[in-house]
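The structure under discussion appears below in the form of structure tokens.
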Amino acid sequence: MNMVVTDGIDLMPPAFVDGLDDWSSTDGTPGSPTYTGAANAAIVASDPDFGSCLELQTISDPLSLRYIGEVPVFPGAYIEIKARIKVMSGAFPSARIAARAGGAGGAHIAGLNEYGSSNTMDTYGRIYTVSAIVGSGNRAGVDMAWGTEPVYGHFGLDLSGATGSVVRVESVEINDVTSYFHRKLMHWVDVRDYGAIGDGVTDDLAAFEAADAAAEASGRELLISAGTYYLSVHCTLNARCRFEGKVVMPDGKRLQLTHNFDLPTYVDAFGNETLALKKALQALFNYTDHESLDMGGMRIQLDGPIDVHAAVGNKNTYANRRVLRNGQLEANPGTAWNTTAVACTATYSSGNSMELTNVAGIASVEVGSLVTGAGVGREVYVRDKDDALGTITLSQPLHSAPTSQTYTFIRFRYLLDFSGFASLQRFQIEGIEFGCFGDASGIMLPKDGLAWHIYDCWFTKPRDRAITSIGKGCNGMAVDNNEFLSNEYNTLVQYRTTIAFNTNSNDIKVRNNRSVRFRHFGVLNGGGHIISGNHFWQGDGSVDGERSAGIVFTQKSCKTTMSANYIDNAWIELNNEHDVKANASASTRAFGTLSLTGNIFTAGDMPSWFTYIRLAPFGTGHTIDGISVVGNTFKTIGSGVVDRVEGVDTSEGSFDHSATKSVTFTSNSFDEVIERTESPAVVRVSQAGVSNNWSVDLSAKLPFGGQALGVDAVMPQGDIVNGSGVAQFVAPSAQLAGNSNVSIKWPAAVSGTVHMTARVDLPS
């Protein structure tokens with residue numbers, strides 16, 4: 001770089017022989033006294049060493065010589081002021097380059113170093129060269145680091161020491177030496193060239209902003225060279241950045257890198273990986289011109305949970321799409337991951353079903369805690385709390401809790417914890433491996449939100465949960481193509497406690513995931529769910545051992561379709577454990593709006609009473625309306641067979657089977673299943689001896705322990721004959737017994753075979 005050549009800037013002062021009215025005897029400002037006509041100054045026309053030069057006699061200490069012209073200084077540029085001097089007679093003075101830093105409007109910029117190193121002269125006639133470099137950057141070799149505030153300087157020299165010396169000065173030269181430090185052809189701009197100090201204490205914000213502007217304008221990279229740079233407030237850098245040094249900032253202040261916004265750059269910037277992740281997340285929610293934070297495949301080892309709300313610091317709600325992708329989060333063992341449990345007495349009323357009141361010791365209860373106690377269903381969490389009022393907002397109602405009891409509040413620890421957000425919408429986590437390794441859980445969702453996407457992630461050995469919803473933050477969530485690997489692989493099913501995910505709201509999409517040996521793959525409230533293409537596998541090594549539900553629906557009218565799933569050593573359960581109106585008399589909703597189509601059900605080495613589909617009512621008198629089980633495969637492998645594929649758990653409630661509607665259980669295939677459930681059920685009825693009342697027991701055929709509520713057809717197969725073997729061309733009637741039995745009645749006693757089609761549901 002050469003400003004004279006490239007930018008046409010004239011730096012060089014005029015020669016002395018051209019007149020001394022350009023040379024001040026003080027600070028160089030316009031109007032200051034010059035050497036024109038001064039008694040102690042003269043032009044020497046022909047010095048043997050210098051040619052024409054200036055001869056000065058020192059009459060003050062120091063004696064100043066300054067060029068009155070305003071020599072421009074620029075951020076990122078460096079100039080060298082140089083003079084050749086010799087002593088002719090008298091005492092030997094010291095010489096140094098000197099300057100006056102000028103700002104806009106001619107103001108003097110105080111507080112800057114305005115002097116070069118002092119040279120002592122001790123030999124008459126010997127030529128001494130004094131020089132100094134002035135520039136904005138605090139670099140090695142720069143004598144006067146002025147930063148970016150000065151816009152010009154008055155340059156020259158000082159002679160100090162005893163008066164009466166006679167010296168000759170050949171000239172004062174000012175040259176651009178920016179190329180000593182960097183060239184315009186280089187692809188970077190260094191923050192030090194714009195006044196950054198890098199001592200970790202001085203605020204370098206202005207230098208960063210000036211250097212960034214220069215880099216962006218010239219299309220070059222911004223170099224943060226070695227050092228520790230303190231930035232006191234928010235800093236946005238628009239140029240591509242390269243960090244050799246580190247940045248320190250207050251927790252609440254953001255570094256926003258709008259060009260190369262990625263985690264590796266933030267790690268370079270802050271040095272500490274955890275801090276870098278927090279700062280990058282902070283920037284992600286604050287308009288970096290990027291919708292995604294790419295972790296660059298980095299593995300970040302965490303000593304404790306990342307509270308994302310606290311890291312962002314200035315947002316309680318957020319609705320713009322944001323993405324975290326492509327990396328690993330890994331828990332380092334330590335006490336920061338320890339689960340805490342707090343026992344508190346509280347009051348509950350079904351009339352205020354989402355709240356606990358009069359909570360003793362509420363200050364010790366954490367938002368996001370799992371709630372346990374009598375009448376509390378699975379996966380009920382503390383959504384919010386009010387310490388002053390002593391109230392806790394729950395994620396779900398309680399089905400049969402007493403008015404007052406002691407509850408236990410259990411708080412798991414998550415690699416990424418979003419529970420501090422009141423609402424967070426359209427957040428996407430893609431291609432992240434959550435290395436929980438038995439120390440941490442995976443993700444805790446915000447209190448409220450919409451349309452979260454969790455794609456292509458691995459949840460490896462979560463201590464308690466992989467994904468937890470504590471409120472409505474799961475609304476419309478998509479959980480696709482993830483791998484869930486349990487921390488309880490070698491634990492018997494009945495002792496497992498871990499759950500892959502839960503939901504509290506509607507319209508969840510769960511597709512193409514694989515889950516291995518959790519207590520449950522999913523516990524879902526709400527409706528409108530689509531669950532397809534998943535493989536969840538929950539067995540253990542025991543023979544005839546316990547099994548557990550793979551998917552639990554806790555809203556009895558769940559409006560859900562399950563298709564093309566591989567359900568392995570687990571069952572599908574539909575219950576109403578989150579229904580405060582547990583008894584049917586208090587609710588008009590029936591169990592149903594559930595479609596199971598084209599799934600593979602497989603189980604091995606389990607007891608004969610194992611079933612693949614279960615209804616589990618809480619409360620009495622419930623009805624069934626709208627369950628479709630079509631085109632599924634039920635296969636039992638290993639030792640033994642199962643009695644049937646579906647059933648009802650009546651330990652907490654019962655059904656009124658006389659009101660069943662819209663149940664279809666057909667076109668399924670069975671292997672090693674004794675009773676092949678159907679509705680409409682087609683049965684072959686053979687009567688060996690003549691009778692006018694053929695009794696048919698359909699309990700082995702009809703699903704969910706239901707009644708025979710309709711007979712669609714009775715078709716003879718061959719002749720119906722009387723006691724003499726004579727064919728009888730008579731029509732039977734079908735009589736319902738109010739249970740699973742049907743009577744086929746004939747006008748006379750006959751025998752033979754018929755095919756009967758019976759239904760477990762009432763006509764529509």
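Determine whether the range 608-615 contains at least one residue that is touching a Gly at 6+ places or on another chain (Cβ under 7 Å), hydroxyl-bearing (Ser, Thr, Tyr) and surrounded by fewer than 19 Cβ atoms within 10 Å (Cβ to Cβ). Among the residues of the range 608-615, at least one is touching a Gly at 6+ places or on another chain (Cβ under 7 Å), hydroxyl-bearing (Ser, Thr, Tyr) and surrounded by fewer than 19 Cβ atoms within 10 Å (Cβ to Cβ), which makes the answer yes.
Each row is one residue, and each column tells you yes or no for (1) more than 15 Å from Asn693 (Cβ to Cβ); (2) modelled with pLDDT of 95 or more; (3) surrounded by 13 or more Cβ atoms within 10 Å (Cβ to Cβ); (4) out of contact with any strand residue (DSSP E or B) (no Cβ under 9 Å at 6 or more places or on another chain).
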| residue | (1), (2), (3), (4) |
| --- | --- |
| Met715 | yes, yes, no, no |
| Gly718 | yes, yes, no, no |
| Val726 | yes, yes, no, yes |
| Ala737 | no, no, yes, no |
| Val742 | no, yes, yes, no |
| Val750 | no, yes, yes, no |
| Thr753 | yes, yes, yes, no |
| Thr757 | yes, yes, yes, no |
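As a summary of the residue check, Asp22 satisfies the conditions (1) in contact (Cβ under 8 Å) with a residue 60 or more places away in the chain; (2) under 23 Å from Tyr115 (Cβ atoms); (3) among the acidic types (Asp, Glu) except for the one numbered (1). Taken together, the residues in the range 710-727 that are in contact with an Asp or Glu (Cβ under 8 Å, 6 or more places away or on another chain) and either in a loop (DSSP other than H, G, I, E, B) or among the hydroxyl-bearing types (Ser, Thr, Tyr) (or both) amount to 0.
Only one entry of Gln687, Gln707 meets the criterion of being in a strand (DSSP E or B), surrounded by 16 or more Cβ atoms within 10 Å (Cβ to Cβ) and touching a residue at least 24 places away in the same chain (Cβ under 8 Å), and that entry is Gln687. Of the residues making up the range 132-147, those that are among the aliphatic types (A, V, I, L, M) and outside any loop (DSSP other than H, G, I, E, B) are Ala132, Ile133, Val134, Met144, Ala145.
Note on the range 356-380: residues that are over 24 Å from Asn575 (Cα atoms) and either out of contact with any strand residue (DSSP E or B) (no Cβ under 7 Å at 6 or more places or on another chain) or not in a loop (DSSP other than H, G, I, E, B) (or both) total 4. Any residue in the range 347-354 that is farther than 20 Å from Lys461 by Cα, surrounded by fewer than 18 Cβ atoms within 10 Å (Cβ to Cβ) and touching a Cys at 6+ places or on another chain (Cβ under 9 Å)? So far as the range 347-354 goes, no, none of its residues is farther than 20 Å from Lys461 by Cα, surrounded by fewer than 18 Cβ atoms within 10 Å (Cβ to Cβ) and touching a Cys at 6+ places or on another chain (Cβ under 9 Å). Pairing residues of the range 372-384 that are in contact (Cβ under 8 Å) with a residue 60 or more places away in the chain with residues that are of a type in the set (Phe, Trp, Tyr), at Cβ distances under 9 Å and at least 6 apart in sequence or on separate chains, gives Gly377/Phe618; Val382/Phe409.
The number of residues in the range 32-78 that are in contact with a Leu (Cβ under 8 Å, 6 or more places away or on another chain), hydroxyl-bearing (Ser, Thr, Tyr) and farther than 30 Å from Val142 by Cβ comes to 1. Taking strands (runs of 3 or more DSSP E) as the structural unit, those lying wholly within the range 148-230 and holding at least 3 residues that are in contact (Cβ under 8 Å) with a residue 60 or more places away in the chain correspond to 152-160, 166-176. Counting only residues that are surrounded by 22 or more Cβ atoms within 10 Å (Cβ to Cβ) and among the hydrophobic types (A, V, I, L, M, F, W, C), the range 366-400 holds 8 of them.
Looking at the range 401-439, which of the residues that are under 24 Å from the mean Cα position of the chain (by Cα) and among the hydroxyl-bearing types (Ser, Thr, Tyr) is surrounded by the fewest Cβ atoms within 10 Å (Cβ to Cβ)? Here the answer is Ser423.
The values are calculated or read from the model by the stated rules, or taken from the named source; none is laboratory data. The model shown is predicted, which means the values in this text are computed figures rather than measured ones. Counting neighbours? That spans all protein chains shown, and the Cβs are built from the backbone with ideal geometry, glycine included.
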